[in-house]
Amino acid sequence: MTIKEVQDEILRLKKENDVCILAHSYQNHEILEIADFTGDSYALSKFAATVPNKTVIMCGVRFMAETVKMLSPEKKVILSSAIAGCPMAEQMDKELIEGIKEQYPDYTVVAYINTTAELKTVCDVCVTSSSAVKIVKAIENKNILFIPDCNLGAYTASQLPEKNFKLLQGGCPVHAAVTVEQAKQAKQLHPDAELLVHPECKPAIAQMADYVGSTSGIMEYAKKSDKKEFIIGTENSIKNHLQYECPDKKFYVLSKGLICENMKNTTLVDVLSCVKGEGGEEIVMDDETIKKAKKCIDRMIELGG
Ligand code: 13P
Ligand code: SF4
């Protein structure tokens, strides 16, 4: 089958079987084309609560599908590729954070949404890269225990000097691998380009950037900007999507290594099996976990607007 034939079959079956397809912006172009909604983690979470269909297929990684399930527990939620996890989400477990909370009882625990549902059950509020500054600012408590991404935590802290942050050593292995040397080289090679980076990159890289923001933030900035050239400091798919959307501008990668293998696991053929009701993995969560973990997602949406 050609790509177009697989896409047409997915579109036909999704209508027939009352399925909604959500796709994170890091998915490949041919998957974004057949999705009902695409965006960053925050936009996907907000949309997930309003989906009218009885089945939702999440083309992304496991914590994203878990978030959809928490927000729409009555729906059948399928993760398009059963092996697509986010390594950062597995870095800290519930027991570790419970222990740290005992040491810092007067801190509000802020969890990046890239965490497991189990870990969310012991956290106070979730944030995403696009909403972290706004949400932490709105928290009354001055003391913030930010987990697990120390780079996003450091960026958020740099924007909110009035708060007292405690960070732990965790983060995205893909973004955190970018070096200052690579950023310097990219800037030398493209002196007229603006550097746009995701806050999961190290603080030293964020400090060199013209703009720091989520995947959607980076895309919006590049689309609206009068500038013509951009170095993209997030997963390399974003550079490709932008090139399609803005053919008159030039986009370069910050590092050839900025590839999230987990996000790249999903293929169109996987999505086809999911709409047939055969592939992927159905997200199953017990009511108690949903009830406890959902609280910090609800709080995120309440504070994030
Ligand atoms: P966004 O919130 O920018 O979509 O980030 C999700 C993610 O996993 C980035 O690595
Ligand atoms: Fe997780 Fe990093 Fe991949 Fe995002 S890019 S899903 S944080 S491993």
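The values are calculated or read from the model by the stated rules, or taken from the named source; none is laboratory data. Keep in mind the model is a prediction, meaning the values are calculated, not measured. In this analysis, Cβ positions are derived from the backbone assuming ideal geometry, glycine residues included, and neighbour counts consider all displayed protein chains. For the accessible areas, the whole protein counts, side chains as well, though only heavy atoms, and no ligand, DNA or RNA atoms are used. Shrake-Rupley method; radii C 1.70, N 1.55, O 1.52, S 1.80 Å.
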Contact list, first residue from region 111-132 and closer than 15 Å to Ala89 by Cβ, second anywhere and away from ligand 1 (no atom under 16 Å from the Cβ) and in a loop (DSSP other than H, G, I, E, B), beta-carbon distance below 7 Å, six or more apart or interchain, is Ala111/Cys123; Ala117/Met285; Leu119/Asp93
List every residue pair whose Cβ atoms lie under 7 Å apart, where the two residues are 6 or more positions apart in sequence or sit on different chains, the first residue falls within region 135-155 and is farther than 16 Å from Cys123 by Cα and aliphatic (A, V, I, L, M), and the second residue, located anywhere, is open to solvent by 10 Å² or more (accessible area, probe 1.4 Å) and away from ligand 1 (no atom under 15 Å from the Cβ). Ala138/Leu303; Ala154/Leu167; Ala154/Pro203
Out of everything in region 23-44 that is small (Gly, Ala, Ser) and over 10 Å from the mean Cα position of the chain (by Cα), what residue ends up being least open to solvent (accessible area, probe 1.4 Å)? Ala23
Residue pairs, Cβ under 8 Å, 6 or more apart or interchain, first in region 26-52 and within 16 Å of ligand 2 (Cβ to nearest atom), second part of a helix (DSSP H, G or I) and among the charged types (D, E, K, R). List them. Tyr26/Lys264; Asn28/Lys264
Is there a residue being out of contact with any strand residue (DSSP E or B) (no Cβ under 7 Å at 6 or more places or on another chain), open to solvent by less than 70 Å² (accessible area, probe 1.4 Å) and within 13 Å of ligand 2 (Cβ to nearest atom) anywhere in region 6-20? no
Picking from Ile78, Ile100, Ile3, which residue would you name as being buried (at least 19 other Cβ atoms within 10 Å of the Cβ) and more than 16 Å from ligand 2 (Cβ to nearest atom)? Ile78
Would you call Cys274 away from ligand 2 (no atom under 14 Å from the Cβ) and either crowded, with 22+ Cβ neighbours inside 10 Å or of a type outside the set (A, V, I, L, M, F, W, C) (or both)? yes
Odd one out for Pro173 among (1) within 16 Å of ligand 1 (Cβ to nearest atom); (2) surrounded by 23 or more Cβ atoms within 10 Å (Cβ to Cβ): (2)
